[in-house]
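Taking it in order: structure first as structure tokens, then the write-up.
Any read-out appearing in this document is the output of simple, stated calculations on the displayed coordinates, not a laboratory observation. These numbers come from a predicted model, not from an experiment. Because the Cβ atoms are built from the backbone with ideal geometry, glycine has one as well, and the counts that use them run over all protein chains shown.
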Amino acid sequence: MPSHMLNPHRHSGYAINLLLEGEIEFFADFKKHSVIAPALMFLSPDQVYQNVSGNMYKKVLISFNKDFLVNEVQGVLSCWEYMFSQEVIPVKDEATLEELQTYARLMQQEFNSNRPQKNLVLLNLLNAFIICSARLMSCKTKIVQMDSSQNKIVRQFKTLIDDNYLHRTQVTQYADMLYVTPDHLNDLIKSITGKTAKQIIDEKRIIEAKRLLFWGEHSVKQIGGHLNFEDDSYFNRFFKKHTGQTPALFQKNNREKYN
């Protein structure tokens, strides 16, 4: 295991790990996972990751930023977000494991080459790898067909939240940036995700609050200020409304659970 993996760190892009041999115990945000090969492990942008055990293992790591994906993938591949929300998926089918390894080997060969259209080939191999991974899950209920304009707005909305959630917390602010009405944005987001636009904004703030509470050494008041809450009492009410517990209780319970 590389020594730097023992320290908590964030991934700025996506990461897919294909564990081929051995065992790994790791944190993804504030959840602890114990994984036995063969298995897939998925990490989304901004997640906090830390290996805590597994001195000897064999795995393939595929990492890429948000802009590297073909635009159509996140719309056509209906299981995309569902897949990355799973974090760990066992690979029990030998044929699928061999297929995944084949795509990974081809990606590595192409990455190390200097042939024309290298990025295009890598994109298509990555798409094939992701689709093969998605077949391991049952996500038929997640299938949603989007036209290109809908796909673009949903992706832009989520990207804008990632970049602006600290200072822009209202649907109207994002609607203005996307040149649509708040009602249209809300209807579109709800039809695609099953959640309102405000729910998605709030979920981003909650997940970041949880990360800071679990991994950081800051006070509840400091974290509330960082997330642009007017005062710590408002932050407490907001956090409890969405999680059922106060920030201090979440921090105490989770640190005691894993330490």
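Computed values, structure above
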read-out	value
Helical contribution to [θ] at 222 nm, DSSP H n ≥ 4, -39,500 (n - 2.57), averaged over the chain, rounded to 500	-16000 deg cm²/dmol
Amide H within-cut-off set for Ala39, under 5 Å, with H built and near neighbours excluded	Leu19, Val91
Residues in segment 176-213 reached by a label modelled at Glu230 [backbone nitrogen below 11 Å; 7 Å Cα→Cβ]	none
Pairwise centroid distance, computed over Cα atoms, of segment 24-54 with segment 152-182, Å	30 Å
Contact order relative to length of the chain, as percent, for alpha carbon pairs under 8 angstrom and 6 or more apart	14 percent
FRET E, pair Lys32, Tyr179, Förster distance 35 Å, beta-carbon r, rounded to 0.05	0.25
Residue-span extension gain [Leu123 to Asp93] - 0.36 nm each, minus C-alpha spacing	8.3 nm
Shape category assigned to the chain from the gyration tensor of Cα positions, a/c cut at 1.5	oblate
Cα gyration tensor shape for segment 208-259, rounded if a/c is under 1.5, else prolate or oblate	oblate
